[in-house]
Structure formats: structure tokens, C-alpha cells
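Colleague: Dropping the structure in here first, questions after.
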Amino acid sequence: MIGSSMILVRYMGIAILSLLILACQKETQVERGNREKILIVGNGGDPKSLDQHLVTGVIESKVIGTLFEGLVGDDAQSDTAMPGALWSDGAPVTAEDFAFAYHRMLHPDMAAPYVEMLYFIKNAEAYNRGEITDFSQVGVKVIDPFTLQITLREPVPYLPGVTRHYTWFPVPKHVVLRHGKMAQRFTAWSEPGNIVGNGAFVLERWKWNDHILVKKNPRYWNASEVQLEGVKFLPIENFYTETRAFLAGQLHTTYQIPPDLVEKMSREYPQYLRQEPYVGTRFMRFNCTRPGLDQAKVRQALSLAFDRDELCATVMQGFEACTSYTPKMGDYSPAQVLRFDPAKARQLLAEAGYPGGKGFPRYAILMGSGGTRSTVEAIQEMWKKHLNILVDVRMMDQASYIEAQQKLDFDMALAGWIGDYLDPTTFLMMWTKGNGNNNTGWFSKSYEAMLQKAAQQTDPSKRLEIFEKAEALLMEQMPILPFAWQARNYLHHPSAKGWHPLLLDNHPFSQVRLEPTKVEP
Amino acid sequence: MIQYLFHRLLQGGLVLLALFTLSFFLCRLLPGGPYQSEKAIPEHVKQKMMEQDGYHLPVHQQYLRRLSGVVRGDLGLSIRLSGRPVNDVIAQSFPVSFQLGLVSMMLASLIGVPAGVISAWKKNSAVDFGVMAVAMLGLCLPSFVIGPILAETMGRSWQWFPVMGWNGADPSTWVLPMVTLGLVYAAYLARLTRAGMLDTLSQDFVRTAHAKGVPMHRILIKHCLRGGLVPAAAYIGPAFAGIISGSLVIESVFQVPGLGRHFVKAIETNDVNVIMGIALLYGGLVVLGNIVSDLLILWLNPRARTLSS
């Protein structure tokens, strides 16, 4: 018996030893990726779908952007030529595919969640709402197989930027119809094995929660310029895991580093750390229908008692303390009105009827599962210190958090907004009456009049001036308290070249190349 | 025996029906609904989605529709994953959770059972205290502490194993999640086995065996192990059902594409069909695990066999 036990122990020892030898990694995955020309990218999560008419997220945009490509136009009458472009199955990409895509997305039965991105097109909204049923009245017209005419609702000087968004990409009509009807929501056309695209890459494999692999598309119109053989997206939601994996050589670029690791990374791994601006703002939504918070003076006081520089230096490392709501983009420069002035804050609070914070209602800050507790705690501390007021924290799961805001069942809520394109409208339009993203109970006729006036303005600089005035009004009324401009803090391996800072973080993978680079530890 | 099995299966069926009904109505009570999005979806679009997915029907009709689907083996579509069949979600993630659960449970048994036996044999000695102290540590340290420590050391610093990812064909990717998950169960098993073995070792037949001059290792393995394993066997069935239906912490720390994350995500986004599909699967596994546990005990313990018949 003892003898057989010894033999068992010996075999187990040999098995463990061989597993260890087998497991010891000779070549890291980044080195292997460099050799095979496969870029490994952390993508923060799995896409909900690759059918661009069913999704709204940034995560989806990264993958869809490798598989599809849109059109680029210049003015209100946008003519587009697509010389010899092919779908990945060899069929030609035609204007009909674009028109089909817009028709499909706008069709009421499709119930596309991001359909508002196409409302720039004349009559698109009316068709989507079912107010008109004849699609020929919508401003999308196929002139010939390679020319598409789009008539817009109003002048949209930033249209080229908008058409780079995936909601404006074509879909392969022949493939969509092979798997179902045009406006059928859930069909298999976008599944691995079926999906056909016109982008630089084609979908090779998708294992949920594991990885998505796209391989170079040999039929892409500019295939000779594409240096990568493929891109592997890893849906890592735990950013500590992702950071660890990067440092162990398992990926070329991460999606994000946790804010509390930014300082450590800048100290220990400056060769990898990237800190870039990103068109997004973190802010606090006020419920302007609540007694107390319905006074602009109170909201102003709360803002003036907010030390944004300290918040960004201690809690939200890597983010930039904001001076207005809309982040920096192009020639748009709203007045820098947000500042830290506790004395003025106390004065305004007293004028509003709460001298020294006395009698101030005890509000709660609502946060969802995506919020950061330390941010709220910092805010609590600042207001207690400078205004002598106490606020509570109210945590909720994400779905309840969203619903509470939509029903105005909150006092203040942590929130954020990422721009869809590089124009202030993507930040300013949401504060109009009845907009689904407003959720503050605040609206202003003069604010909306300014936005409408800007929409009709064809002179770009005058147009931006009107928006700047509208934003000044927004900051004066302060239904939201912006505190930081979003930044992209991530780790990037120097062997992935051609990766430049982009405000929308929409890196064209077709222009990235992998060159093995020795990194000094 | 067959009658006993039949009864247990019937009970299991009723438990699953109750589980289905309860989880269906509890999901309906959750605030939010499955169509919440960070960027607001226009109200008319949301209405259309609800119509298309049958959410506009009265609740009892929805219940009957879902029930008939489940009876036919169709768990419905996931709203969060844009219409993916829940059956597909489970088919792709469950094998990973199963594989991870299986290897972890094997590791737990390989460590826990011998440790419990040795501990009982050397009762109140330094060895016993040492083993039990380690087991207690294993129980007290949560996997979200052990996991990152193992990943930092064996993964990142020593480069023995990948710090994350899962490949069914590459055992090196299993090691860290398997050890993290297995250690907790090993600690439980060690304590249960020790208790069971101590109970058996105090029986009269053991004293008789000693008196007859039977060597200790023979008494332990041949005479006592079967009886001493009964508490561990009762634990293993349901524990195995739990372990293979996914562990959020392990899946998150090691990026394992198992069921646990789907379950938690579904709850966060109120993806009713996925919640119910995974709950039913988990319920089914617990029922099955309990039946297997009972059969194992019947085999290990002749007295239980007489009682059941």
C-alpha cells in the first residue's frame, strides 16, 4: 500500500513538474503578436452585437470600425463615389447598399436605438416615427450605382465627421436579405460565418467574453497599405486584470487603467503610459425640480465650492479639471467660467436663504454601478468643508440608476457624456426640453432659440459664436455641474506604431503597424 | 432504488417549476426593465422594441409564453446581447465553467481529502494544527485576494502561467484560476473529512482492528475512509453544482469566459431571459448534484441503504 502511494506521489510530482515546464512561457503574446502581425487590444467588454443598427456603444464601434467603412461627404448635398470597392465576399459596394442601410435603420420596425444619428437627413425623423410611410420622401436618393445623394434637414457643417460614425456605414443588402427581411431585428446576418463587410478586416472568430479576432480583408480597396494581419480584441472588464496582463506581455494596448494606478504607472512605467484628451465630460446632474435645487444660485454655489483641480489631482488622476462643459474641440472655445471660489459660494448660498448652510436640505448623490465612490466622497468632503452642508450617497444598480434619472427620482446624480462627433452640438443639444438625455427638469426657451439660430447659420465661425453664448447661458443656469474633462489613460506597447492620439479614440487599425521594439525596463 | 430515484426526480421537477415562477415574477418587480441605455433611446423606439419582444403583453400571458418555451427547451432571446438565443449563451459559456469547476474540484479533493485524513490520524498533534490552520486560512481568504496574489507572483513576476485568459486546450491557462478556486473548496473538504474521519475512528470496530494488530494505514484507508467521507460526499454534490455554474470573481480576475459574468451582467441590465435561463440551469444542477450526493452516500454507507429501502 505504501509502495503504491509512493508511486502515485512520484507520478503526481512528474505531472506537476512537466506542467510547470510546459507552462513557462518562452515568448510573450505581444512578441508572438509582433511576429504574426496581430495587434492585441483590450476592448473593455464584449460588443452587444456587430449589427450596427442594434447597438449604441463605444466598445462596438471599435470592432465595427474594422469591419465596415463609411462615406465621406462635404456639404448639404453630399455626392459620394466609391471606386471599385468590394464587400469581403466579392460583391461590389454600391450606393444601394448605403441607401438600404439608412432605410433599414430608419424603418420603425427596426427599432434602432441609435436612430437619432440619422435624423440629420431630411424627413428621416418623420419616417422613423411613422408620420410618413413613403421612404422616397426621405432625403436619400440613389443616382446611379456609385452615386448617392443625401439631402439634409439643415446645414450640417460637421457632416464628414458624423459620417465616420458607424450608424452611417453601409450594410451588405444581399447578405442582410439572405438571412431575413430588411427590418427584422434579430437575424443571423451579423454572426460569425455570415457577416460580410467593406472594411480593412473581416471577422474570423468571436468567442463571447474571450476574444474577437478580425483578419486582414484581401478585398479591401486599400489592402496593400494595411500592415497588420489581424486585430484581436480582448473584452477585459476588470481594468486591474487588464493592467496586469499588459505588464505580463499579453496585450499591446489597454482600454483603460484604473484611476488609482495612474500615478504608479507614470512613476514606474512611463515608457508605456499614454494620457490623451478624449471628448467627454464628467458632471453632476441636478434635479432642478427639487426645492432648493430649483434655484440657480444654489446650483452656482455648489459649483463654486467645488475644487476641480484638487479632485483631478487626488481622485480622478489623469482627468483634466474643466473650465466649462464642452471639452476642447477645434475652434470652439466656450468662456472659461468654472472656477473655485468658496467665499463667493458661501455668499450665494446665503442669498438663496441658507446662510452658513443652515436649513439646507439633506440631498443624496445618486450613483450607478459604473460610478466611483471616491469621487462622491471627495465631493461630500468639499461641500462640508466650504459650505457646511451634508449630502448622502445613494448607490443603485445601473438599470435602476438610469430609470431614477429618467423619472426625476433623484436629487443629484453622477453622470458623464462622450461626444459622438467633433462638434459642440453633440454636447449642447441634449439639454433641450424633452430630450431623453436631459433628465434635469431644466429647460430654457432662450437656450433653445440660440441652438436653433445656430443650426440655420452657414458661417462656421458665427455658428460657433452662437453656441458659445448658449453654453455660457447653460453654465449660468447650471442644471449640471461639470467637474472633469475625460481623458484616456491607458498603456500602450511601443512596438505598435502609427497609433496617434485621437479625440474620439477611433484609431484606424488599418494604419497601425507592428515593429518589434526593445523596451528599457 | 428506482422508486427512490423517481421520487427525487419528481421533486426536482417541482422545485424547478417553483424556481421558474418565482424568478419570473421577481424579475418583473425589478426596476429599470431591459431597455435602459446610458444614452437614452427615443420613447417610440423603446415602445417598438417592447412590442417586438412581447413585453407589452399582460404579465400572465408573458409567463405562459415563457413557460411553454422553456418546456420546449427554448430559453428565449437575450435583450442585452441583441437577440442572441439564451441557449447559445449557455452553450458557449457553460463548457468553460464546467471544465474549470471540474479541474478545481479535482484539485480540491486531491488536497482536501488527504489533508483531512492525515489531520484526523494525527489528531491534536502539530501536524493536525498545522493542516487545520492552513485550511482555516484558505476559508478566510476570499478568492479576490488569493487570485490577484497568485496572478501577480506566478503570472506576472515569475512568468510561469498566463495572468489571464482561458484556452480549453492549453492547461497552462487553467492553473491560476483552478488553484484559486480549488483552494477554498479544499479547505472545506479538509475540515469535513477530518470531522467524518474522527467520528469513524472513535467507533468500536476500529478499536477491534487495532487490537487485531491491523496496521494504521490499513485501518485508515480500508476501514475508515468510506465512512469518514460521508460528510464530504454530502457537500461535494451541491458544491460542484455551484462551482460549475460560474464564479464571477474568478472569471473577472482571470478573464475566464464562463457563465458567472453573463449572470451578473444580466441582473445588472435586467436581461430577464438570461437571468431565468441561468437560474434554471443552476437549479437543475443543484437538484442533480443533490441526487448524485445521495446516491454516493447510499454507496458509502450501508445503513443509509437499509433506511432508504
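The values are calculated or read from the model by the stated rules, or taken from the named source; none is laboratory data. Predicted model, so just to flag it, every value in this text is computed and none were measured. Don't worry about glycine lacking a Cβ; one is built from the backbone with ideal geometry, like all the others, and counts go over all protein chains shown. Surface accessibility is based on the protein's heavy atoms, side chains included, excluding ligands, DNA and RNA. Shrake-Rupley method; radii C 1.70, N 1.55, O 1.52, S 1.80 Å.
Colleague: When you scan the range B:207-217, do you find a residue that is in contact (Cβ under 8 Å) with a residue 24 or more places away in the chain and out of contact with any Phe, Trp or Tyr (no Cβ under 9 Å at 6 or more places or on another chain), even just one?
Modeller: Within the range B:207-217 (the criterion being in contact (Cβ under 8 Å) with a residue 24 or more places away in the chain and out of contact with any Phe, Trp or Tyr (no Cβ under 9 Å at 6 or more places or on another chain)), the answer is no, since none of the residues qualifies.
Colleague: Does the range B:41-68 hold any residues that are more than 14 Å from chain A (Cβ to nearest Cβ), loosely packed, with under 15 Cβ neighbours inside 10 Å and either in a helix (DSSP H, G or I) or of a type in the set (A, V, I, L, M) (or both), and which are they?
Modeller: Those that are more than 14 Å from chain A (Cβ to nearest Cβ), loosely packed, with under 15 Cβ neighbours inside 10 Å and either in a helix (DSSP H, G or I) or of a type in the set (A, V, I, L, M) (or both): B:Leu57, B:Val59, B:His60, B:Gln61, B:Leu64, B:Arg65, B:Leu67, B:Ser68.
Colleague: Limited to the range B:250-296, what total is found for residues that are of a type in the set (Phe, Trp, Tyr) and open to solvent by 50 Å² or more (accessible area, probe 1.4 Å)?
Modeller: Result for the range B:250-296: 2.
Colleague: Can you name every one of the helices (runs of 4 or more DSSP H) wholly within the range A:423-521 that holds 2 or more residues which are away from every other protein chain (no Cβ under 14 Å) and in contact with a strand residue (DSSP E or B) (Cβ under 9 Å, 6 or more places away or on another chain)?
Modeller: Result: A:460-477.
Colleague: Considering (1) modelled with pLDDT of 55 or more; (2) part of a helix (DSSP H, G or I); (3) open to solvent by 10 Å² or more (accessible area, probe 1.4 Å), say which one A:Met6 fails and leave the rest.
Modeller: (1)
Colleague: Still on this model: Given (1) within 14 Å of chain B (Cβ to nearest Cβ); (2) open to solvent by less than 50 Å² (accessible area, probe 1.4 Å), where does A:Gln406 come up short, assuming only one miss?
Modeller: (2)
Colleague: How do the helices (runs of 4 or more DSSP H) wholly within the range B:136-254 filter down when requiring 3 or more residues that are more than 30 Å from A:Arg244 (Cα to Cα): which remain?
Modeller: B:175-201, B:204-212, B:225-228, B:230-244
Colleague: Right, another one. Are there strands (runs of 3 or more DSSP E) fully within the range A:154-265 with at least 3 residues that are open to solvent by less than 30 Å² (accessible area, probe 1.4 Å) and within 14 Å of another protein chain (Cβ to nearest Cβ)? List them.
Modeller: Ranges flagged: A:211-216.
Colleague: Given (1) open to solvent by 50 Å² or more (accessible area, probe 1.4 Å); (2) within 30 Å of B:Arg207 (Cβ to Cβ); (3) among the polar types (S, T, N, Q), identify the lone condition not met by B:Ser109.
Modeller: (1)
Colleague: Within 14 Å of chain A (Cβ to nearest Cβ), within 30 Å of A:Thr28 (Cα to Cα) and in contact (Cβ under 8 Å) with a residue 12 or more places away in the chain: is that true of B:Leu183 in this structure?
Modeller: When the stated conditions are applied, B:Leu183 does not pass them.
Colleague: Here is a list: B:Ser78, B:Ser97, B:Ser93. Which entry is open to solvent by less than 20 Å² (accessible area, probe 1.4 Å), more than 18 Å from the chain's Cα centre (by Cα) and either closer than 18 Å to B:Tyr235 by Cα or among the hydroxyl-bearing types (Ser, Thr, Tyr) (or both)?
Modeller: One residue alone meets the criteria, B:Ser78.
Colleague: Being surrounded by fewer than 19 Cβ atoms within 10 Å (Cβ to Cβ) and in contact (Cβ under 8 Å) with a residue 24 or more places away in the chain is the filter here; which residues of the range A:359-376 pass it?
Modeller: Result: A:Pro361, A:Arg362, A:Ala364, A:Ser369, A:Gly370, A:Thr372, A:Ser374.
Colleague: Right, something else. Restrict the check to the range B:120-130 and report whether at least one residue is in the same structural domain as B:Ala232 (by TED's automatic domain parsing), open to solvent by less than 20 Å² (accessible area, probe 1.4 Å) and not in a helix (DSSP H, G or I).
Modeller: Within the range B:120-130, not a single residue is in the same structural domain as B:Ala232 (by TED's automatic domain parsing), open to solvent by less than 20 Å² (accessible area, probe 1.4 Å) and not in a helix (DSSP H, G or I).
Colleague: Kindly indicate which of B:Val103, B:Val86 is open to solvent by less than 60 Å² (accessible area, probe 1.4 Å) and either closer than 26 Å to A:Ala111 by Cα or among the polar types (S, T, N, Q) (or both).
Modeller: B:Val86
Colleague: May I pose another question? Is it fair to say B:Ser293 is under 20 Å from A:Asp210 (Cα atoms), in contact with a helix residue (DSSP H, G or I) (Cβ under 8 Å, 6 or more places away or on another chain) and polar (S, T, N, Q)?
Modeller: So B:Ser293 does not fit the description; no.
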